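Contents: one structure, followed by commentary.
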Amino acid sequence: MASFGMVMPELPGYLAELGRPDLIGWIVGLFTVGAFFSRFLSGRIADHAGRRPVMLFGTWVTVIAGVCYIGVGWVHAASFPSWSGSLPIAVWCFLLLRLLHGMSTGFRPTGTTAFLTDITPLNRRGEALGYLGVAGNAGMAGGPALGSWLTVEYGFDAMFMGSTVLGIIALILTYRLPESLPGSRKVQWKDMNVFRGPVLDWSSWPSSVALLPVAFAFGTFLTITPDFVDSLGYVYKGSFNSIIVASSIAMRFVAGKASDKYGRVPLLVIGGLLLAVGMMGLAYADSKFSATIAGLIYGASVGINMPTIFAWTADLAKPGKIALAIGTMLMALELGIGFGAVSSGYRFSGNLEAIPRLYGFCAVLGVVSSVFLWIFRKKWA
């Protein structure tokens, strides 16, 4: 997660160096497209062949992507001509790489979450997934800060190399994990035939729907926040992401246990309201202090929503289909992030005056989500 997270705040600036800052929305959008289509395979493979191959493949993609970003810079420096007078070749390579890099999150979280549910007692599932979120968010907190420091002090190539090194460390640690799926086997070609057998588990549709506004807000946040915090005077743009993630980590220590005790839906109602307050706060923030307060509230909403939705999905899954259910739910995550990123990037297009409206729309979605869940709370209790 640190390897993935450290590049995110700096990619808008990298794309600007390639000469196409207007394509900012596609930085996140294409990544989520790659992740979305990967999930048609990752859940099937994890449930049939094992959790470990899925985790390893996703981590290998992370390692290779870090090196390829450096290669994109070399292509740009070589000043190859554009194809048919359209985008420069370096920009094409960058966009293709973002699409392929998305496969890392299409595979790794699916395998990891299924692995954890295999080894965790049912009555502590929310707590365990909360701790998994703490680990992931710790990476997402430290990664952006490290990435911004490396970029400012040493340049983009140093940041991408740092991402690669972190991916290698994750790969080494993953190879040491045992397989948790009983009766696991080698991956077979039939596992990758999406026309044979189910590729989705519709039992997870309630948690998937609940995830959409959370994901849309996150996609919007990832896309416009680097320019927003830059306008407030942040030199290391990744440090603001670290504030958000630190708040999320703190909340995850209690949210997982709370969802086990009080239920998934009541926690998600609270999470949606905090999402609305945090996003509205960002919409009106005009200083580092006010942005920080709003960011802390938004981070708390993420800390509540994500582990609770993961645990709810595992609760809803059919026997033997946990990975498939998680993959289905994560497709909703990619759809929400992708639409949030592309739509906000299109409406933003470098115009700082559009930022309050974009954050405000996410706040409205948070309120709608909470109302919807409250109405149907007894049905899904």
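Bear in mind that the values in this text are calculations on the coordinates, not laboratory data. The shown structure was predicted, so the numbers you read here are calculated from the model rather than taken from an experiment. Heads up, the Cβs are rebuilt from the backbone with ideal geometry, glycines too, and the neighbour counts pull from every protein chain shown.
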*Overall form of the chain per C-alpha gyration tensor (a/c, 1.5; a/b vs b/c)*: oblate
*Inter-centroid distance (Cα atoms) of region 111-187 relative to region 227-295, Å*: 21 Å
*Sum up the charges of everything whose Cβ sits under 15 Å from the Cβ of Ile326, counting Lys and Arg as +1 and Asp and Glu as -1, but leave Ile326 out.*
+3
_Sequence-distant lysines (8 or more away, or on other chains) whose Cα lies within less than 22 Å of Lys186_ = Lys321
*Can you tell which of Tyr359, Tyr175, Tyr131 shows the greatest fluctuation in a Gaussian network model of the chain with Cα springs below 10 Å?*
Tyr175
*Do any chymotrypsin sites (Phe, Trp or Tyr not before Pro) in region 13-106 lie in a DSSP loop with no more than 16 other beta carbon atoms within 10 Å, and if so, which?*
Trp83
*Alpha-carbon centroid distance for the pair region 1-57 / region 311-359, whole angstrom*: 13 Å
*asked:* For the chain, set up a GNM with springs between Cα atoms under 10 Å and report which of Val72, Val302, Val194 has the largest fluctuation.
replied: Val194
*Starting from the Cα-Cα distance between Lys186 and Asp286, subtract it from 0.36 nm times their residue separation and give me the gain in nm to one decimal.*
30.5 nm
*Peptides 205-213, 184-192: what's the order by average Cβ count within 10 Å, highest mean first?*
205-213, 184-192
*Hey, rough spin-label estimate for Phe376 and Ile172, points 7 angstrom out along Cα→Cβ, what's it come to in nanometres?*
4.7 nm
*Pick from Ile64, Ile326, Ile297: which is most flexible by mean-square fluctuation in a GNM of the chain where alpha carbon atoms under 10 Å apart are linked?*
Ile64
_Cα gyration tensor shape of region 154-299, rounded if a/c is under 1.5, else prolate or oblate by comparing a/b with b/c_ = oblate
*Cα gyration tensor, region 150-219 - rounded (a/c under 1.5), prolate or oblate*: oblate
